[in-house]
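Read through the structure below, which is laid out as structure tokens, and then see the notes.
The values are calculated or read from the model by the stated rules, or taken from the named source; none is laboratory data. Since this is a predicted model, take the numbers as computed values, not measurements. Please note: Cβ atoms are built from the backbone with ideal geometry, for glycine as well, and neighbour counts cover all protein chains shown.
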Amino acid sequence: MRTHFALLLATLSLLAPRSPAVAGALVGVDALTSTVLQEGQSSFSGVGVRARLHPERLIREIEIMPTIEYWRATSTIEPFGIRSMRKDATLGVDARYVFPLQGWQPYVGAGYAVHFLATRVNAPSLGLVEASDTVTLGSLAALGGIKVPLAGRVENFLELKYHFVAGHRQFKINWGLSYNL
């Protein structure tokens, strides 16, 4: 857990402004909703927010995106008195290449994230009274999507993202709005 967190902090520290030339690296902010398909689970919804950074040292088409994502799924089976809850708070950073086209702009990218997963089950009839488990896992991620200009500085995007989380793989369909600075 500490290794994953240290790796994430080291990656994010590389993005910290070191000079006035890099200080203007923030180029936009995205808000997104997700349909999450986790291994062995039905689909559920999540939310997220990310910044889009472009340090001057990179080519124009590459953006670095520190991201915070969260989802929570609960299930209740009344006849048996069973209630379960799963949640994931994710801190990550992705890099994406935006193809330089007019209008719709496709993009592809990859990244790394740390997932703080928690599960809680309350099933007294089965002998489980408020049983819980937490785990912190690192994952590689791959993404691809398309940006569509709306009006002025606002864009829309649709994205597919896959997190390679050991035992908890996640496929996400993300939709959101971008505000360009």
### Query
In the range 50-99, how many are of a type in the set (Asp, Glu) and out of contact with any Gly (no Cβ under 9 Å at 6 or more places or on another chain)?
2
## Note on the structure
Reported set for the range 116-136 where residues are surrounded by 12 or more Cβ atoms within 10 Å (Cβ to Cβ) and touching a helix residue (DSSP H, G or I) at 6+ places or on another chain (Cβ under 9 Å) is ALA123, LEU126, THR136
### Query
Could you list, in sequence order, the residues of the range 144-181 that are modelled with pLDDT of 95 or more, under 17 Å from TRP71 (Cβ atoms) and either touching an Asp or Glu at 6+ places or on another chain (Cβ under 6 Å) or hydroxyl-bearing (Ser, Thr, Tyr) (or both)?
TYR162, ASN174, GLY176
### Query
Within the set of pairs 6+ apart or on separate chains, which have a first residue in the range 77-91 that is in a loop (DSSP other than H, G, I, E, B), a second that is modelled with pLDDT under 90 and exposed (fewer than 15 other Cβ atoms within 10 Å of the Cβ), and C-beta atoms under 6 Å apart?
GLY81/PRO124; GLY81/SER125
### Task
Identify the residue in the range 97-119 that is among the small types (Gly, Ala, Ser) and part of a strand (DSSP E or B) and, among all such residues, is farthest from the chain's Cα centre (by Cα).
ALA118
### Task
Please state which one of LEU137, LEU158 is outside any loop (DSSP other than H, G, I, E, B) and more than 13 Å from THR90 (Cβ to Cβ).
LEU158
### Query
Taking into account only those residues within the range 45-72 that are of a type in the set (Ser, Thr, Tyr) and under 9 Å from the mean Cα position of the chain (by Cα), which is surrounded by the fewest Cβ atoms within 10 Å (Cβ to Cβ)?
TYR70
